[in-house]
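Input: a single structure, listed below in structure tokens.
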Amino acid sequence: MSVTEIVINKNYLDISPKEFGYEACLPSHYFGPTVREYWLLHYVVSGKGIFEREGQVHNVGEGQIFVIPPYVDTYYQADGNDPWEYIWIGFDSESVAGTVFTEHVMTVAGAGKIFRDMKRCSEMDNGRSPFLCAKIWELISLILDGTDNPPDHIDKALNYIHAGYANGITVSSVAERLNLDRTYFSVLFKKRLGISPIKYLSDLRLEKAAELIVKHGMSPTTASLSVGYPDYCHFSRAFKKTFGKSPKEYAKRYLNDRK
């Protein structure tokens, strides 16, 4: 039995599902040689077969994923005695897929559950595309989490800072989350970015505040609170030191420039 679910392309950023399906193949059933216009992943639920890509032939079995990139000639065939059953997902991706699905055949712990969950899309109408999009991102997260090159301390620190600058995050709390001494963390940060973490955090907050004032029409007081400055006087002094004008003068000048 072969079932294909049509997916309306919603043009989600970078990952846009195109099709989904599953099939219990007959012995020696084959497909190709052919090329696709989009990414296509097949997860083998059971059985086995061969997958040929770019002149390389791979024996693929239960629990493995074979990867078909756009415009790459491929051929695949079910085993004659133990034909595979697989689930597939096709999607467009401008950048992220090429950095994640780098192998011809992949084994990803936990992938089976994700692909089986995808079958639920057959019960959906309007929610089908975002549901499959979420499952693809979930698969990507498993692959990235299992790489041998995890983000370094400064990459993690930047994530923490950009996610928490509005919530009173401090350099000490970032260092603590990274299990690093504050002084050692500051040295690493400055060596990588050429600026201290406290200066980076302050500049980020003030730039975000200026953006709230001039682009979104927020009052200086609201902007101050929104970027993690509960003390308006402290915010105003820091703002003027950076931009050469108080928040109110800055807002007034922007409004005049727009007239």
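Throughout, read-outs are computed from the coordinates displayed, never taken from laboratory work. Given the structure is predicted, the values throughout are model-derived calculations rather than measurements. Don't worry about glycine lacking a Cβ; one is built from the backbone with ideal geometry, like all the others, and counts go over all protein chains shown.
Using 0.36 nm per residue and subtracting the Cα-Cα separation, the extra length available between Leu144 and Arg253 on full extension is 34.6 nm. Rounded to the nearest 500, the helix-only mean residue ellipticity at 222 nm of the chain stands at -13500 deg cm²/dmol, with each DSSP H run of n ≥ 4 adding -39,500 (n - 2.57). Comparing Ala24, Val57, His42 along the charge dipole axis of the chain, the residue lying farthest to the positive side is His42, per the Cβ-charge model. Stretching Arg192 away from Gln56 to a fully extended chain increases their span by 44.9 nm, per 0.36 nm per residue minus the current alpha-carbon distance.
The simple spin-label model puts a point 7 Å past each Cα toward its Cβ; for Asn179 and Phe243 those points are separated by 4.1 nm.
Of the chymotrypsin sites (Phe, Trp or Tyr not before Pro) found in the stretch 56-165, those that fall in a DSSP loop while having at most 12 other beta-carbon atoms within 10 Å are Tyr71.
If a/c stays under 1.5 just call it rounded; otherwise compare a/b with b/c (prolate if a/b is bigger, oblate if not). Do that for the stretch 2-145, with a ≥ b ≥ c from the square roots of the Cα gyration tensor eigenvalues. Taking the square roots of the gyration eigenvalues as a ≥ b ≥ c, the stretch 2-145 is prolate. Is the C-alpha gyration tensor of the stretch 133-214 telling us rounded, prolate or oblate? Criteria: a/c under 1.5 is rounded; beyond that, a/b larger than b/c is prolate, otherwise oblate. Oblate.
In a reduced charge model with +1 at each Lys and Arg Cβ and -1 at each Asp and Glu Cβ, the stretch 2-145 shows a dipole moment near 240 debye about its Cα centre.
One Cα centroid belongs to the stretch 94-125, the other to the stretch 10-84; the line between them spans 12 Å.
Taking the stretch 38-85, which GluC sites (Glu not before Pro) meet the DSSP loop condition and have no more than 12 other C-beta atoms within 10 Å?
Those satisfying the criteria are Glu54.
Each residue of the stretch 183-190 was assigned a 3J(HN,Hα) from its phi angle through the Karplus expression (A = 6.51, B = -1.76, C = 1.60, θ = phi - 60°), giving 5, 5, 4, 4, 5, 4, 5, 5 Hz with x at Gly and Pro.
Taking 0.36 nm per residue of sequence separation and removing the Cα-Cα distance, the Glu123/Asn167 pair yields an extension gain of 11.9 nm.
Shape analysis of the chain places it in the prolate category; the axes a ≥ b ≥ c from the Cα gyration tensor give an a/c of at least 1.5, with a/b above b/c.
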